[in-house]
């Protein structure tokens, strides 16, 4: 990949803009970062692929629980809950699931909202499960995302949120490690993207996650870009143009035109060498899609 | 960096006519018995008149300074002319990790410098963005007070770091005297012009005919000579650049339309 450090790129842009113009370096770094992100967003570049695993945790139903109407405090007897549990729900006797805000200790947890059943629960059965998972901090929504089940080697299909909720009503008592779909679940308190699986997993397992990572902003003078070395000067050209444009310096159109030409050339080259591979791996023709399984179990039509 | 020569004041660049020779020439041209002190005063005035016309390579000096981490200010040399371009280069050492961004740190107005404090890129160690100048009134009244440079954003300098400061010296702070080993910092071709300026001024003061002819001749000759000696002659600016910008804006307007 690129071998020019941020320090080199800043110095190059400074030199091209000219010493007569007093351009603060942070303006140049900002322009380089903007260019980096703009290039990143323009195409699914192959160098942004990363992989990780989603660890599925077993559901838990040992012991009994008590909770009063309108209270968000749930107490357990004979339970061994963990304070490290996150993104979990508890299913109570009316077969409704309640998101858990936090687990205080082995016998005490707090719901996000107060319990709203028909009567107070005492020594009732329950199930705590995790169906929401945090995506990596560099995951970028809207880019290519592949979730694979190692057990049966199928792709977990992305479904609309409404479809997930609708199917959840019907399949509320079903737990299986063969996830049939996932949907977006907003962001956590750290700003990380969340996804929700359906049906909820029942035991320990691992899903493979292949995703498009978002490059981080340059944070050190020794940082390098993700671009191929051949095309790393595109960043400098785009930054030079942006700095000249924003500071009212003549000659911003020429580097912009050169950068656009080089970007087009880079994309053409990348598409030529990786296009077929991407189509086979992630376009659906090479691997079975879980929608086949899903349709086999489907009760409601897609999009309902 | 060839432009950043460092001529000691009074020795370069002229090596042809010493100040004592120039004084003798002046006394010959206007033989009314004025002493060398008077003529050196007029010659120094003529030299200052030239330095008002721009920024010149014979005014350039440099010094190395150490800027302390998180304090991020430094004292500008007392002979620095604050109205002329100054260049802060570096940081050249002290930063971890290497490589440092060893290039010119632009000097900007305070409002631009302050904006850099809140930049989202503001905490990259070593990425000193810019610097700004202000008077240090706490040092005392003139000539005690000094100018101080402030580096932005402050968090970018996490360790004590060395910079090179290149500036234009205020030549009026040191006047030359009449001596055989004293030379004006201007090139040799300026020597006679300095003499003519001093002669014209003296003729004007004492009401001697012909002063205006001599003065016009000297001034026009000097102005035509100044451009090649400007220390900032490579900087694009002025009407030509503005015309380019206007052309580009028209072009962009046509494209977006």
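For the reader, a short list of remarks on this structure follows.
- Screening the candidates A:228, A:136, A:141 for the property of being modelled with pLDDT of 85 or more and out of contact with any helix residue (DSSP H, G or I) (no Cβ under 8 Å at 6 or more places or on another chain) yields one hit, A:136.
Conditions (1) in contact (Cβ under 8 Å) with a residue 24 or more places away in the chain; (2) within 30 Å of residue A:149 (Cα to Cα); (3) within 14 Å of another protein chain (Cβ to nearest Cβ), marked per residue:
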residue	(1), (2), (3)
A:25	no, no, yes
A:46	yes, yes, no
A:62	no, yes, no
A:69	yes, no, no
A:72	yes, no, no
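- Entry remark, the stretch A:104-121: residues being buried (at least 16 other Cβ atoms within 10 Å of the Cβ) and part of a strand (DSSP E or B) number 3 in total.
- Within the stretch A:1-23, being in a helix (DSSP H, G or I), touching a helix residue (DSSP H, G or I) at 6+ places or on another chain (Cβ under 6 Å) and within 8 Å of another protein chain (Cβ to nearest Cβ) holds for one residue alone: A:10.
So that you can scan it fast, the table gives a plain yes or no per residue for (1) within 14 Å of another protein chain (Cβ to nearest Cβ); (2) surrounded by fewer than 21 Cβ atoms within 10 Å (Cβ to Cβ):
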position	(1), (2)
A:186	no, yes
A:192	no, yes
A:197	no, no
A:200	no, no
A:233	no, yes
A:237	no, no
A:246	yes, yes
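- Condition check for residue A:221: in a strand (DSSP E or B), modelled with pLDDT under 90 and buried (at least 17 other Cβ atoms within 10 Å of the Cβ): no
- Any hit, the stretch A:164-181, residues being part of a strand (DSSP E or B) and crowded, with 19+ Cβ neighbours inside 10 Å: yes
- Residue that is nearest to residue B:56 (Cα to Cα), among those in the stretch B:209-224 that are surrounded by 12 or more Cβ atoms within 10 Å (Cβ to Cβ) and in contact with a helix residue (DSSP H, G or I) (Cβ under 7 Å, 6 or more places away or on another chain): B:222
- The lone exception for residue A:39 - which of (1) surrounded by fewer than 18 Cβ atoms within 10 Å (Cβ to Cβ); (2) away from chain B (no Cβ under 14 Å); (3) more than 30 Å from residue A:196 (Cβ to Cβ) it fails: (1)
- Count - residues of the stretch B:208-227 that are in a loop (DSSP other than H, G, I, E, B) and more than 14 Å from residue B:30 (Cα to Cα): 0
- Flag if residue B:155 is at pLDDT 70 or above and not in a loop (DSSP other than H, G, I, E, B): yes
- Test: residue in the stretch A:261-270 that is under 30 Å from residue B:125 (Cα atoms) and at pLDDT 90 or above: no
- Candidates A:137, A:183, A:190, A:225 - the one that is under 22 Å from the mean Cα position of the chain (by Cα) and in the same structural domain as residue A:266 (by TED's automatic domain parsing): A:225
The values are calculated or read from the model by the stated rules, or taken from the named source; none is laboratory data. Predicted model only: the values in this text are computed from it and were never measured. Virtual Cβ from ideal backbone geometry, glycine too; neighbours counted across all protein chains shown.
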